[in-house]
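Encoded as structure tokens, the structure appears first; notes follow it.
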Amino acid sequence: MTEQLSRPAAPTSPMPPTIEDNVNLTTGEVFLDRSTGHPVMQLKDVGVAFGGRSAVRNVSFDVFDREITALIGPSGSGKTTLLRALNRMHDTVRSAKVTGKIMLGDTDVYSGSTDPTLLRSRVGMVFQRPNPFPTMSIYENAVAGLRFNGVRKKALLDEAAESALVAAALWDSVSDRLKSHASTLSGGEQQRLCIARALAVEPEVLLMDEPTSALDPIATKRIEELIGELKNRVTIIIVTHNMQQAMRVADRCAFLLMGEDRTGELIEFGSASKLFSEPDDPRTLDYVNGRFG
Amino acid sequence: MTTLSFDSPADPILERRRQIQGIAKATVGRRKTYSRAAIGICWVFLVIAVIPLVAVILYTLAKGLPAWSTGFFTQVTKPEGIPNGGVWNAIVGTVIIGAIATAVTIPLGLLAGLFLAESDGWAAGAIRFAADVMTGVPSILMGIFGYIALVRTFGYAAWIGAFSIGMIMLPVIMRAGETAIRGVDPHLSEAGLALGARKFMIARRIVLPAALPGIITGALLAIARGVGETAPLLFTIFGNQYLQANPTKPMEALPLVIYNYSSQPYADLIQIAWGAALLLMSAVLILNIGSRWLAGFLQRERR
């Protein structure tokens with residue numbers, strides 16, 4: 001959180017915060033809570049079907065501002081399918097059909113007047129495997145999203161790239177070789193570059209589809225720490241196979257399970273602590289205790 | 001704990017988000033127009049590229065269909081002035097020549113392709129290079145080669161035409177086979193190795209079956225290419241007015257009919273040439289479509 005160290009407390013706050021409230025007195029770190037405590041995304045009865053075959057259905061929950069929401073469940077429960085519905089990635093699949101209602105703030109995600117590209121600049125995504133653009137430099141990767149969105153001002157590009165690379169804990173190791181190719185980075189670094197690339201556009205929500213499944217445990221640990229640090233900057237929805245990971249990073253959890261007709265359904269949604277200690281549904285308990293899946 | 005509500009310009013991140021979203025929104029119209037224009041240009045060029053193709057097909061259809069009659073498919077070629085001529089002898093010839101070429105080149109090309117795919121030595125490199133050069137050799141050279149090497153010894157014969165056509169098909173099948181075999185997940189071979197299987201057993205039981213859709217597509221495309229060739233036949237099979245099924249004798253073939261009759265000054269022979277052109281084009285088209293369908297079908301069957 002290097003960036004926030006230098007940030008002065010906001011003078012315009014209606015009730016001026018006292019310094020004790022926002023500074024960790026032992027580390028000197030300034031704590032800035034941007035959370036509004038409101039939902040940023042609302043899912044109502046969301047379902048996804050491919051060619052008439054339902055893959056996931058009846059999913060309703062709220063995603064709260066600057067929290068980490070984890071989608072957990074065994075393979076085939078529709079976690080990734082659901083995640084990709086949130087920024088209209090299914091638009092590219094002709095047979096895919098999304099039903100129900102998804103709201104991003106006041107924007108109806110699937111309304112005809114919503115431009116999918118503008119929507120995706122507000123809802124970023126990080127994929128399973130690191131996928132930096134192979135022909136671009138580290139810097140060009142970091143600002144790719146900004147360029148796609150029409151940003152041309154060099155100052156803004158530089159500022160956003162540095163901020164995103166700092167936030168992705170990559171700045172210190174790449175600041176002196178921004179012009180080198182992204183393929184010179186290690187797998188973990190590449191994934192952090194992908195996170196920086198997504199962050200540079202300053203999205204409101206960041207979708208992460210098993211972002212550590214292709215990484216070794218040490219790189220995984222760094223990404224997990226990163227996710228924890230990022231949540232004050234962006235609301236995160238993460239799909240994970242790994243229960244320990246969900247337990248470590250998530251504030252809230254949605255547990256999905258494949259029903260008898262092979263369609264994923266939401267079994268339980270709630271705070272992570274409740275889901276992992278005393279869930280309402282016995283199936284959730286079995287799953288989090290590792291009895292299946 | 002008091003929390004700061006920092007939805008104010010003092011927060012650089014929220015400020016930057018506002019700025020970026022503002023730019024994105026302001027430029028979305030321009031970007032959309034740009035994108036649509038680019039896609040529109042792609043369409044225009046696509047249409048331009050397709051026009052000659054469609055024109056050839058339509059023109060051949062229009063000119064060739066009137067020639068198609070029962071007699072066209074059942075009668076042998078007849079000289080100018082004698083009515084009711086057909087191309088039955090040429091159909092038989094093309095099928096026989098194509099069949100011989102296919103029967104010889106497919107096993108040969110496939111095994112060579114397997115060798116190329118499994119071997120990285122200098123020999124494989126040299127053979128691969130030779131195959132690539134052979135693909136680019138003008139087909140008339142194959143005909144002349146067949147004439148000099150074989151016709152002068154054995155006389156004009158259908159099997160020499162098949163040989164010349166096979167020389168054109170062979171590198172195509174080799175390279176298509178190699179590509180299909182290389183496309184098989186190497187982990188499958190490793191799984192075979194880890195079970196103690198020998199190299200050829202792995203190829204026969206694991207790799208070749210997995211590569212089958214690609215191999216079949218490549219083979220059918222090579223056949224389609226081969227049966228349409230004229231130049232290798234010109235110097236090798238001579239042509240034959242009569243029905244001939246003996247491959248050691250001169251034979252007629254569809255490309256030869258097209259070549260010979262289209263340069264005649266007689267309207268009925270030119271008509272026959274158009275009909276033969278349409279027939280050959282349809283056969284090649286059916287082979288192409290069939291190979292795609294078969295590959296797709298096999299791909300689906302496996303899942």
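Can you name the condition, by its number, that A:Glu140 falls short on among (1) free of Cβ contacts under 8 Å to residues at least 40 places away in the same chain; (2) under 18 Å from the mean Cα position of the chain (by Cα)? Answer for A:Glu140: the failing condition is (2).
Beta carbons closer than 8 Å, at least 6 apart along the sequence or on distinct chains, pair a first residue in segment A:151-173 that is touching a residue at least 60 places away in the same chain (Cβ under 8 Å) and within 8 Å of chain B (Cβ to nearest Cβ) with a second that is of a type outside the set (D, E, K, R) and open to solvent by 10 Å² or more (accessible area, probe 1.4 Å) for A:Ser163/B:Pro12.
Beta carbons closer than 7 Å, at least 6 apart along the sequence or on distinct chains, pair a first residue in segment B:266-293 that is in contact (Cβ under 8 Å) with a residue 40 or more places away in the chain with a second that is surrounded by fewer than 14 Cβ atoms within 10 Å (Cβ to Cβ) and among the charged types (D, E, K, R) for B:Tyr266/B:Glu80; B:Asp268/B:Glu80; B:Leu269/B:Glu80. Can you say whether B:Leu58 is surrounded by 10 or more Cβ atoms within 10 Å (Cβ to Cβ), away from chain A (no Cβ under 14 Å) and more than 19 Å from B:Ala277 (Cβ to Cβ), as far as the supplied structure shows? No, not satisfied. In the condition set (1) open to solvent by 50 Å² or more (accessible area, probe 1.4 Å); (2) within 14 Å of chain B (Cβ to nearest Cβ); (3) charged (D, E, K, R), A:Arg66 is compliant with all but (1).
For segment A:75-92, the condition holds for no residue, the condition being that it is of a type in the set (A, V, I, L, M, F, W, C) and in contact with a Phe, Trp or Tyr (Cβ under 8 Å, 6 or more places away or on another chain). Among the residues of segment A:101-116, how many are open to solvent by 50 Å² or more (accessible area, probe 1.4 Å) and either under 25 Å from A:Glu265 (Cβ atoms) or modelled with pLDDT of 95 or more (or both)? Total meeting the criteria: 2. Criterion applied to B:Leu195, B:Leu294, B:Leu234 was being open to solvent by 30 Å² or more (accessible area, probe 1.4 Å) and under 18 Å from the mean Cα position of the chain (by Cα), and the one residue passing it is B:Leu294.
The values are calculated or read from the model by the stated rules, or taken from the named source; none is laboratory data. Since the structure is predicted, the reported quantities are computational estimates derived from the model, not experimental observations. Positions of Cβ are generated from backbone atoms using ideal geometry, with glycine treated the same way; all protein chains shown enter the neighbour counts. Just the protein is used for accessible areas: all its heavy atoms, side chains included, with ligands, DNA and RNA removed. Shrake-Rupley method; radii C 1.70, N 1.55, O 1.52, S 1.80 Å.
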